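I have placed the structure first, in the form of structure tokens, so that the comments after it can refer back to it.
The values are calculated or read from the model by the stated rules, or taken from the named source; none is laboratory data. Keep in mind it's a predicted model, so treat the numbers as computed, not measured. Counting neighbours? That spans all protein chains shown, and the Cβs are built from the backbone with ideal geometry, glycine included.
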Amino acid sequence: MSAGFYITGTDTGIGKTVASTALLHALRARGLRAVGMKPVASGCERIDGAWRNEDATALQEASDPRPDYADINPYALPAATAPELAARQAGIEIALAPIVDAHRRLAAQADIVVVEGVGGWAAPLSAQLDQRDVVRALGVPVIVVVGLRLGCINHARLAAQAIAADGATLVGWIGNDIDPALAQADAYFDLLRPRLAAPCLGRLPFSPQPSAEDLAAQIDCGPLLSTG
């Protein structure tokens, strides 16, 4: 069993946080101490004198034990834009060391750390830092969330190819019904199965107000817990 997983997606806005929080609840239902992490988050709000991100807060709330926010989200950036631009506007540069240090503290208090990335796999964190660098430094395999919509087969296959080309290990994927108007959504999902080498860990139904705890029932942790 791996000590953690890195969650990426076929694009931004395809439900990585929903999938990550559902996975956390599914792991906890197996009796594991599971905590979430969002190393870099843009689009933060000032709350009680500190920058807070909605997705990172959701990960914190889905975690048990519940870590300090600063470890879950080392880089909380105000501007709601690409991380590299948001960091530039904040006058900082995202570096690897603070992320690795925060992850180490989280791993010390949990069995598994679920790390949610930004956007899609190739979205950079800085001029010198890509998400593949974070995955290598943390030594974790990857799970890709596929937003089921027009073009998702192409996007999912490209993501899987890029992950492999970067030397990372894809251990599973999660389908997410983000477009309730998508015709033949079941057929799209069925077409994806044989075209992604990693096992499907579940399919999350569309919901305007998704409950991570309820969606956990749709996640099969078995393939993840049997590895390593």
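Here are the numbers:
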{"read-out": "Qualifying residue in segment 39-54 (condition: among the charged types (D, E, K, R), assigned to a helix (DSSP H, G or I) and surrounded by fewer than 20 Cβ atoms within 10 Å (Cβ to Cβ))", "value": "yes"}
{"read-out": "Residues (over 23 Å from residue 62 (Cα atoms) and in contact with a Ser or Thr (Cβ under 6 Å, 6 or more places away or on another chain)) located in segment 114-123", "value": "121"}
{"read-out": "Subset of segment 77-113 (residues that are more than 22 Å from residue 62 (Cα to Cα) and not in a helix (DSSP H, G or I))", "value": "78, 79, 80, 81, 82, 91, 92, 93, 94, 95"}
{"read-out": "Total residues in segment 175-189, condition over 20 Å from residue 12 (Cβ atoms) and in a loop (DSSP other than H, G, I, E, B)", "value": "2"}
{"read-out": "Segment 212-225 residues that are closer than 16 Å to residue 113 by Cα, paired with ones that are surrounded by fewer than 20 Cβ atoms within 10 Å (Cβ to Cβ) (beta carbon under 6 Å, 6 or more apart)", "value": "221/30; 225/1"}
{"read-out": "Boolean, residue 166 is closer than 17 Å to residue 142 by Cβ, in contact with a Lys or Arg (Cβ under 8 Å, 6 or more places away or on another chain), surrounded by fewer than 20 Cβ atoms within 10 Å (Cβ to Cβ) and not β-branched (Val, Ile, Thr)", "value": "yes"}
{"read-out": "Qualifying positions in segment 150-181 - over 22 Å from residue 222 (Cα atoms) and in contact with a Gly (Cβ under 7 Å, 6 or more places away or on another chain)", "value": "159, 178"}
{"read-out": "Members of segment 190-215 that are over 17 Å from the mean Cα position of the chain (by Cα), assigned to a helix (DSSP H, G or I) and surrounded by fewer than 16 Cβ atoms within 10 Å (Cβ to Cβ)", "value": "190, 191, 193, 194, 195, 214"}
{"read-out": "Single residue of 164, 159 found to be closer than 29 Å to residue 61 by Cβ and either in contact with a helix residue (DSSP H, G or I) (Cβ under 6 Å, 6 or more places away or on another chain) or assigned to a helix (DSSP H, G or I) (or both)", "value": "159"}
{"read-out": "Cross-chain or 6+ apart pairs with Cβ under 9 Å, segment 124-139 first and closer than 18 Å to residue 9 by Cβ, then small (Gly, Ala, Ser) and in a helix (DSSP H, G or I)", "value": "125/87; 132/162; 138/107"}
{"read-out": "Residue in segment 69-92 that is of a type outside the set (Lys, Arg) and out of contact with any strand residue (DSSP E or B) (no Cβ under 9 Å at 6 or more places or on another chain) present", "value": "yes"}
{"read-out": "Residue pairs meeting the criteria (Cβ under 8 Å; at least 6 apart or on separate chains; first over 24 Å from residue 225 (Cβ atoms), in segment 166-185; second modelled with pLDDT of 95 or more and part of a helix (DSSP H, G or I))", "value": "166/132; 166/135; 177/185; 179/185; 182/188"}
{"read-out": "Residue in segment 166-189 that is modelled with pLDDT of 95 or more, closer than 30 Å to residue 98 by Cα and over 16 Å from the mean Cα position of the chain (by Cα) present", "value": "yes"}
{"read-out": "Which listed residue is within 18 Å of residue 24 (Cα to Cα) and out of contact with any helix residue (DSSP H, G or I) (no Cβ under 8 Å at 6 or more places or on another chain), from 109, 131", "value": "109"}
{"read-out": "Residue check for residue 82: closer than 21 Å to residue 123 by Cβ and either surrounded by fewer than 15 Cβ atoms within 10 Å (Cβ to Cβ) or of a type outside the set (S, T, N, Q) (or both)", "value": "yes"}
{"read-out": "Single condition residue 137 does not satisfy, out of (1) in contact with a Leu (Cβ under 8 Å, 6 or more places away or on another chain); (2) aliphatic (A, V, I, L, M); (3) buried (at least 18 other Cβ atoms within 10 Å of the Cβ); (4) closer than 30 Å to residue 91 by Cα", "value": "(3)"}
